[in-house]
Amino acid sequence: MNQNVKQIIEGFDIKAFQNDLIGWFEKEQRDLPWRKNQDPYKVWVSEIMLQQTRVDTVIPYFNRFIEQFPTLESLAEADEEKVLKAWEGLGYYSRVRNLHAAVKEVKETYGGRVPNTAEEFSKLKGVGPYTTGAVLSIAYGIPEPAVDGNVMRVLSRIFLVWEDIAKAGTRKVFEEIVRQIISYDNPSYFNQGLMELGALICVPGRPSCLLCPVQAHCRAFHEGVQSELPVKTKKGKVKEVQISAAVLENEEGKILIHKRPNEGLLANLWEFPNCETPLTLENPKEQLRNFLRIEYGMEVELAQPFATIQHVFSHLIWNIVVYQGKIVGDIKETERLKLVDKQEIENYAFPVSHQRIWGLTPTTLKC
DNA sequence: CATTCGTGGTC
DNA sequence: TGACCAAGAAT
């Protein structure tokens with residue numbers, strides 16, 4: 001494969017490309033909050049947030065997160081509840097639980113100093129090949145490839161790489177290309193320049209080739225096939241699941257919430273009690289009552305559904321029918337089952353669908 | 001290697 | 001409006 005990569009970059013003017021790319025990035029880079037300094041902790045946080053997430057979405061989360069946890073130590077010492085709440089709505093919640101664990105590891109094992117070698121840094125939880133390259137190059141100026149979706153798109157066009165970027169192994173091809181062409185004088189701006197170019201100019205669909213600072217180096221533009229690249233196979237349809245959920249109130253007016261398991265979908269987030277109720281089921285409301293009795297040992301009275309909410313994930317769709325109801329008698333609270341005052345609910349981190357459930361819940365209960 | 005993991009914006 | 005997408009990692 002090394003042989004293959006050398007063939008790919010044959011005849012490529014590496015030095016001129018570096019100058020054009022870095023010169024463009026120096027002039028045109030966006031003013032983003034994580035570019036105010038090179039604090040490894042803040043660069044790290046930004047890179048985790050930016051995984052599969054748009055810049056405009058991340059900006060307010062990043063500012064609030066850094067305000068709340070200004071240093072690596074402050075994050076390491078924080079309660080997970082607070083950390084998850086700061087991430088609420090950003091998605092992919094294992095990112096922040098891994099970051100939290102990794103930051104604790106850095107505090108304990110490395111004296112709070114973020115490791116500056118790929119060997120050590122990449123061992124931390126939630127740190128993969130991309131994040132390793134991004135943080136080491138941006139924070140420490142180390143020439144390590146940082147190959148994300150942008151970089152694969154940009155380089156597939158520049159070098160006419162027709163391999164499917166949806167396949168796991170393809171990333172290595174681009175990492176090898178970057179190792180051959182990366183600037184050792186300024187690996188930070190080289191890597192960021194590739195990504196910025198992908199975000200602003202070399203976009204999916206119809207790129208702005210007439211504005212491109214490296215147009216002269218681009219083989220796809222030369223051939224007029226920039227819109228055909230990169231090659232990316234599509235996924236099939238996602239499964240739909242029917243869910244019945246309940247906003248349950250006790251005699252004191254407290255609301256019952258449940259903390260999801262510490263692994264899997266929406267791990268450790270809070271939710272209103274719910275269960276799966278397949279469409280083949282005759283009486284989903286009765287099924288929900290049975291679930292609540294068996295799972296939590298409680299009796300409830302349920303009203304008619306007051307809302308239906310769809311929650312679209314990347315690989316799954318929930319169709320949630322929402323009931324309001326009251327709890328008959330007492331229940332025993334546990335670590336993952338709590339009765340909370342209505343004003344306290346805002347202190348707990350919920351998935352967006354359950355935020356919406358609470359937003360639509362009637363204030364008056366009629367059973 | 002394929003699947004699991006969120007969410008909101010865009011065309 | 002539905003498919004696709006956006007600075008990936010863990011399993």
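A short reminder: the numbers here are calculations on the coordinates, not readings from a lab. It should be emphasised that the depicted structure is a prediction, and the values quoted were computed from it without experimental measurement. For neighbour counting, all protein chains shown are included, and Cβ atoms are generated from backbone atoms with ideal geometry for every residue, glycine included.
Beyond 14 Å, what share of the Cα-Cα pairs of segment A:107-177 is found? Please give it as a whole percent.
Values: 1526 of 2485 pairs.
It works out to 61 percent of all Cα pairs.
For segment A:204-267 versus segment A:50-111, the spacing of their alpha-carbon centroids is 20 Å. Label sites at A:Asp56 and A:Glu26, each approximated as a point 7 angstrom past Cα along Cα to Cβ, lie 3.1 nm apart. Each of A:Glu223, A:Glu119 has some number of other Cβ atoms within 10 Å of its Cβ, and from fewest to most they run A:Glu119, A:Glu223.
Rounded, prolate or oblate: which fits segment A:282-367, taking a ≥ b ≥ c as square roots of the Cα gyration tensor eigenvalues, rounded meaning a/c under 1.5, else prolate when a/b beats b/c?
Rounded, because the longest to shortest axis ratio a/c is under 1.5.
Remark: A:Leu269, A:Leu337, A:Leu292 ranked as A:Leu337, A:Leu269, A:Leu292, counting other beta-carbon atoms within 10 Å and listing the fewest first. For segment A:171-276, the percent of C-alpha pairs falling in each 10 Å distance bin, counted from 0 to the bin holding the largest distance, reads 10, 24, 18, 14, 18, 12, 3, 0.
For A:Thr363 and A:Asn319, the FRET efficiency from 1/(1 + (r/R0)^6), where r spans their Cβ atoms and R0 equals 41 Å, is about 0.95. If R0 is 45 Å, the Cβ-Cβ spacing of A:Asn116 and A:Glu223 corresponds to a FRET efficiency of close to 0.65. Remark on segment A:210-326: Rg and Dmax equal 23.4, 73 Å (Cα only). Can you give me the angle between helix A:55-68 and the longest principal axis of chain A, using Cα atoms only, in degrees from 0 to 90, rounded to the nearest 10? It is inclined by approximately 70 degrees.
Output the 0 to 90 degree angle, nearest 10, between the alpha-carbon long axis of helix A:40-50 and the longest principal axis computed from the alpha carbons of chain A. Tilt relative to chain A: about 70 degrees.
Go ahead and estimate [θ] at 222 nm for chain A from helices alone: -39,500 (n - 2.57) per DSSP H run with n ≥ 4, summed, over the residue count, rounded to 500. Each step should come with its number before you reach the end.
Details: 15 runs with 155 residues, N = 367.
The helix contribution divided over chain A gives -12500 deg cm²/dmol.
The mean sequence separation of alpha-carbon pairs under 8 Å and at least six residues apart, normalised by the residue count of chain A, gives a relative contact order of 15 percent. Extension gain for the segment A:Glu335 to A:Glu10, taken as residue separation times 0.36 nm less the Cα-Cα distance, is 110.9 nm to one decimal. By the beta-carbon count within 10 Å of each Cβ, the least crowded to most crowded order of A:Ile9, A:Ile66, A:Ile294, fewest first, is A:Ile294, A:Ile9, A:Ile66. DSSP beta bridges fully contained in chain A are about 65 percent antiparallel.
Over segment A:239-360, what is the mean sequence separation of C-alpha contacts under 8 Å (at least six apart), divided by residue count, expressed as relative contact order in percent?
Working: 227 pairs, mean separation 43.4, N = 122.
With pairs under 8 Å counted, the relative contact order is 36 percent.
Once the gyration tensor of the Cα atoms in segment A:2-228 is diagonalised, the equivalent ellipsoid follows with semi-axes of 32, 18, 16 Å, ordered largest first. Pairs of Lys residues in segment A:239-360 are counted when their Cα atoms are under 13 angstrom apart and they lie 8 or more places apart or on different chains; the count is 4.
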